[in-house]
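Take a look at the structure below.
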Amino acid sequence: QVQLVESGGGLVQPGGSLRLSCVASGSIFSIGVMGWYRQAPGKQRELVAIMTSGGGTNYADSAKDRFTISRDNAERTLYLQMNSLKPEDTAAYYCNADIRRYATDHTIPYWGEGTLVTVSS
């Protein structure tokens, strides 16, 4: 089995910072693109940022200049450094990864269960 486990969410005041982590574990041969998505109450899930295994990145406009995505391929860990947080950043944040398992020839997208970020004074 493959698991993605997020951590690092919590309550933070506007202007504050949080660092989210996502660890992939299980029978993993390789990991391709990894990314962070978020879903606010009553809204659809949306892309925050993605990163390829080679280090290429893409950010949502709302995340540019405030959030930084990074990954440690050896540790199978994805990070999201979030600075200058705003109330509108309040959401459940989900990790996503395209993973190829051992003894397979294709990748499958996996999702974590999410970590809640609340930005409020």
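The values are calculated or read from the model by the stated rules, or taken from the named source; none is laboratory data. This structure is a prediction, so every number in the text was calculated from the model and none was measured. Virtual Cβ from ideal backbone geometry, glycine too; neighbours counted across all protein chains shown.
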*Return the residue satisfying two criteria in turn: it lies in region 64-121 and is in a loop (DSSP other than H, G, I, E, B) and in contact with a helix residue (DSSP H, G or I) (Cβ under 9 Å, 6 or more places away or on another chain), and of such residues it is surrounded by the most Cβ atoms within 10 Å (Cβ to Cβ).*
Arg66
_Show the residue pairs meeting these rules: Cβ distance below 7 Å; 6+ apart or different chains; first residue within region 26-55 and under 18 Å from Gln1 (Cβ atoms); second residue assigned to a loop (DSSP other than H, G, I, E, B) and at pLDDT 95 or above._
Ile28/Arg76; Ile31/Arg76
*Out of (1) assigned to a strand (DSSP E or B); (2) farther than 19 Å from Thr118 by Cβ, the odd one out for Arg38 is which?*
(2)
_Residue among Glu88, Glu6 that alone is at pLDDT 95 or above and either in contact with a Gly (Cβ under 7 Å, 6 or more places away or on another chain) or β-branched (Val, Ile, Thr) (or both)_ = Glu6
*Which residue pairs have Cβ atoms closer than 8 Å, lie 6 or more positions apart in sequence or on different chains, and pair a first residue in region 11-22 that is within 13 Å of Phe67 (Cβ to Cβ) with a second residue that is charged (D, E, K, R)?*
Leu20/Glu6
*asked:* Being touching a residue at least 12 places away in the same chain (Cβ under 8 Å), within 15 Å of the chain's Cα centre (by Cα) and surrounded by 14 or more Cβ atoms within 10 Å (Cβ to Cβ): is that true of Tyr59 here?
replied: no
_Is it the case, given these coordinates, that Asp105 is closer than 18 Å to Val2 by Cα and touching a Gly at 6+ places or on another chain (Cβ under 9 Å)?_
no
